[in-house]
Amino acid sequence: MNSSIYVTGVDVITPMTNNFDEFKDQLYDTCSDNIYKQQIDLSELETPFYRKTRRMNRTSVAAFISSTQAYRNRGLDQIEYDPYDIGTIYSTFSASLDSTLNVLDTVYTKGINNVSPIIFAATVGNSCIAGVTMEYKLKGTSMHLQSSNPIGYSYNSLKNGNTDMIFCGSYDCYIDNILDYYNNLPFTNNNGSGDCSPYSVEPRGIYLKEALVTLIIEKADSKYVTDETILCEICGIGVHRKSTEKNDGLYTFENKEFQEAMDSALKNAQVSAKEIDCIVSAAGEHPTIDHSEAIAIKNCFEKNPPVISIKGIFGDTLGCNLNMNIAAAICILQKQEIPKVFNCGEDIDSININRQNTKDNYKYVLVNGYSEYGSVMSVILRCHKKH
């Protein structure tokens, strides 16, 4: 029995891009005037779905739009499927904080009798799953996570045979209150310039931007998978989990954390370090991530493969930066071209920073990322050759 796990659908929405194709265009030829924007304008994207989303909170709207685009990208709107074969594992940064604040504001200004039960329903944390599962009748494994990347949970669920296909979604929506809070922490860029320069000599901190990423992953013996639907294979996942409290986990990262995650992913994938053709790094001008990860890469990979960071373009996200990096790796394997880094500093000479678009034959890409709790994750993707 083939136990492989494949990525068969993808969608990416950022302040600069409305879908995966636009994401790919920006990755290889950054030209947007909106590169400094932190928040996504959902109004135009929401228009075709307004009757379905008008009572949803912002994160639920975001999840609905991105999931719908991935659903269509995968071609699920063209086939019949058993609802119990498809699950949803979503992670959100603040699933319903905007709705909760609106309810509280109404309570304090107008009194409890003026709080609409319809509005109150939008304060439920996993409401972002409800809109998608009800619309597309998805009744498989369902789970809502807060600021924990869902790829590991989705991968293990498929490996355990719980379902055939999973919508693996990460949705980081930052309302103004959240941005105000995080922009004043020591590991964020709060100088107002609005750019991100990975591998800087004097890192200013990460620059937060919203991002919505939906991956559709599927097991090899799924009754729906075909050679044409496969984008790439997920070979292995490695995780280093921090024992520190959530509020402390993002402050400091050490090279041993990245080394443990990458070693674990290589072992799980049964792939040697010398087989890795490219690394999509977690670096994004964090005070400690960039250098710690670079040291770990140097220690793990004697071959010195090309390394890129996409955060000079798309900024950083606390909950879905790994899924974003996976989307970039999918582009590399599909296009067989590594994009040049954008707005990268010159401080790292121990690793092979890819500074021009490079075409070759690429089989394995290693992807690094982290969660809001400070855990470090590595994923290895393999190119799938169409028969």
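The values are calculated or read from the model by the stated rules, or taken from the named source; none is laboratory data. Every value quoted in this text rests on a predicted model; they were computed, and no experiment measured them. All Cβ positions, even for glycine, are placed from backbone atoms using ideal geometry, and neighbour counts span all protein chains on display. Only protein heavy atoms, including side chains, enter the accessible area calculation; ligands, DNA and RNA are left aside. Shrake-Rupley method; radii C 1.70, N 1.55, O 1.52, S 1.80 Å.
What ranking of Thr47, Thr317 comes out by heavy-atom accessible area, probe 1.4 Å, highest first? Spell out each step's value before the answer.
On the way: Thr47 95, Thr317 5 Å².
These residues rank, largest area first, as Thr47, Thr317.
Normalised by the number of residues in the chain, what is the relative contact order in percent for Cα pairs under 8 Å and 6+ residues apart?
Details: 902 pairs, mean separation 83.6, N = 387.
Relative CO of the chain lands at 22 percent.
Taking R0 as 22 Å, what FRET efficiency do you get between Gln146 and Tyr181 from their Cβ-Cβ distance, rounded to the nearest 0.05?
Numbers: r = 16 Å, r/R0 = 0.72.
Plugging the Cβ-Cβ distance into 1/(1 + (r/R0)^6) gives 0.90.
For the pair Gln78 and Asn343, what calculated FRET efficiency results from E = 1/(1 + (r/R0)^6), where r is the Cβ-Cβ distance and R0 = 30 Å, to the nearest 0.05?
With a Förster radius of 30 Å, E is 0.15.
Quick one: accessible area per residue over the chain, 1.4 Å probe, rounded to a whole number of Å²?
Heavy-atom SASA per residue in the chain reads 42 Å².
I'd like the accessible area for Arg55: 1.4 Å probe, protein heavy atoms, all chains in place, Å² to the nearest 10.
Ignoring ligands and nucleic acids, Arg55 comes out at about 140 Å².
Pull out the extension gain between Ala273 and Thr226, defined as 0.36 nm times the separation in residues minus the alpha carbon to alpha carbon distance; nm, one decimal.
Values: separation 47, 0.36 × 47 = 16.92 nm, distance 2.97 nm.
Between Ala273 and Thr226, full extension yields 13.9 nm more.
Considering the dipole of the chain built from charges on the beta carbon (Lys and Arg +1, Asp and Glu -1) around the Cα centre, which of Ile313, Ser264, Met165 is farthest to its positive end?
Selected residue: Met165.
With runs of 4+ DSSP H residues as the only contributors, calculate the mean residue ellipticity of the chain at 222 nm using -39,500 (n - 2.57) per run, divided by the residue total and rounded to the nearest 500.
Numbers: 14 runs with 129 residues, N = 387.
Taking each H run of at least 4 residues, the total per residue is -9500 deg cm²/dmol.
With a point put 7 Å past each Cα toward its Cβ, work out how far Lys298 is from Thr47 in nm, to one decimal.
5.2
Not counting ligands, DNA or RNA, and with a 1.4 Å probe, what is His291's accessible surface area in Å² rounded to the nearest 10?
His291 has an accessible surface of roughly 70 Å² with all protein chains in place.
Would you look at the GNM of the chain, springs on alpha carbons closer than 10 Å, and say which of Met324, Met134, Met262 moves the most?
Ranking Met324, Met134, Met262 by mean-square fluctuation puts Met134 first.
Going from most exposed to least, what order do Leu45, Leu212 have by accessible area with a 1.4 Å probe?
I get Leu45, Leu212, largest accessible area first.
Quick one: pull the percent of accessible area on segment 177-282 belonging to carbon and sulfur, 1.4 Å probe, ligands and nucleic acids left out. Display every interim value, and only then the final one.
Numbers: 1950 of 4530 Å².
Carbon-and-sulfur percentage of accessible area, whole number: 43.
At a 1.4 Å probe, what is the % contribution of carbon and sulfur to the accessible area of segment 303-387? Numbers along the way, then the final one.
On the way: 1180 of 2770 Å².
Its accessible area is 43 percent carbon and sulfur atoms.
Give, rounded to the nearest 20 debye, the magnitude of the charge dipole that the chain has about its Cα centre when Lys and Arg contribute +1 at Cβ and Asp and Glu contribute -1 at Cβ.
Numbers: 34 positive and 47 negative charges, 167 e Å.
So the magnitude is around 800 debye.
For a paramagnetic label modelled at 7 Å from the Cα of Asp360 toward its Cβ, which residues of segment 262-281 fall within the zone defined by backbone nitrogen distances under 14 Å?
Zone members listed by number: 274-280.
Can you find, among Gln38, Asn19, Ile65, the residue farthest towards the positive end of the dipole of segment 1-66? Put +1 on the C-beta of Lys and Arg, -1 on that of Asp and Glu.
The listed residue farthest towards the positive side: Ile65.
Would you mind finding the longest exposed-site-free stretch of the chain, with exposed GluC sites (Glu not before Pro) meaning DSSP loop and at most 10 other Cβ atoms within 10 Å? List each step's numbers first, then the result.
Details: sites that count: Glu80, Glu245, Glu302.
Here the longest segment lacking exposed loop sites spans 81-244.
GNM, the chain, Cα, under 10 Å: largest mean-square fluctuation among Lys24, Lys298, Lys340?
Evaluated over the chain, the most mobile residue of the options is Lys298.
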